[in-house]
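Data block below; observations after.
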Amino acid sequence: MRSVELVYACDEALRLIDAYEEPELPAIPVPPRAGSGHGVSEAPRGMLYHRYRVDTDGTILEAQIVPPTSQNQLAIEDDLRGVVQHHLQLDDDRLRQLCEQTIRNYDPCISCATHFLRLEVSRR
């Protein structure tokens, strides 16, 4: 079934390209005005929420962005506790790798982009 959807998507893309007509202007000028707005969009890791407030000149006075990673933070921490509790027999390097893998299950970019995980194990 996926192959049929892929063929349809490619045909539709070609149809849209063939029917494309260049507009007179690349954009329509919009005069700025004070106000606020918000939106939600689907990101690869979940929903991305954002809200903005602008003044009469169009200057952004306030912006709040809530990425999927922050929404998943509690679940990430809970899963990490479970992984560590069930794999204490592993050496520190392997345990760190498993923890990084658990985090990448939620957000594949976070651990690679920031090299954030410093694991200190205190075994009793």
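Which is of a type in the set (Val, Ile, Thr) and under 27 Å from the mean Cα position of the chain (by Cα), of Val40, Val30?
The conditions single out Val40.
Select, from Gln97, Gln73, Gln64, the only residue that is surrounded by 10 or more Cβ atoms within 10 Å (Cβ to Cβ), without any contact (Cβ under 8 Å) to a residue 24 or more places away in the chain and farther than 30 Å from Val121 by Cα.
Gln64
Kindly list, by first and then second residue, each pair from a residue in the range 38-55 that is outside the structural domain of Arg104 (by TED's automatic domain parsing) to a residue that is in a loop (DSSP other than H, G, I, E, B) and surrounded by fewer than 15 Cβ atoms within 10 Å (Cβ to Cβ), limited to pairs with Cβ atoms under 6 Å and residues at least 6 apart or on different chains.
That search, which allows pairs on different chains as well, returns Asp55/Ala34.
Go through (1) surrounded by 10 or more Cβ atoms within 10 Å (Cβ to Cβ); (2) among the acidic types (Asp, Glu); (3) under 23 Å from Asp107 (Cβ atoms) for Glu42 and report which single condition fails.
Of (1) surrounded by 10 or more Cβ atoms within 10 Å (Cβ to Cβ); (2) among the acidic types (Asp, Glu); (3) under 23 Å from Asp107 (Cβ atoms), only one is false for Glu42: (1).
List every residue pair whose Cβ atoms sit under 8 Å apart, with the two residues 6 or more apart in sequence or on different chains, where the first one lies in the range 13-37 and is under 26 Å from Ala63 (Cβ atoms) and the second, anywhere, is in a loop (DSSP other than H, G, I, E, B) and of a type in the set (Ser, Thr, Tyr).
Here the result reads Pro32/Thr56; Arg33/Thr56; Ala34/Thr56, each pair linking the range 13-37 to a residue that is in a loop (DSSP other than H, G, I, E, B) and of a type in the set (Ser, Thr, Tyr).
The values are calculated or read from the model by the stated rules, or taken from the named source; none is laboratory data. Being a predicted model, the structure only gives us computed values, none of them experimental. Cβ sites come from the backbone with ideal geometry, for glycine too, and all protein chains shown count toward neighbours.
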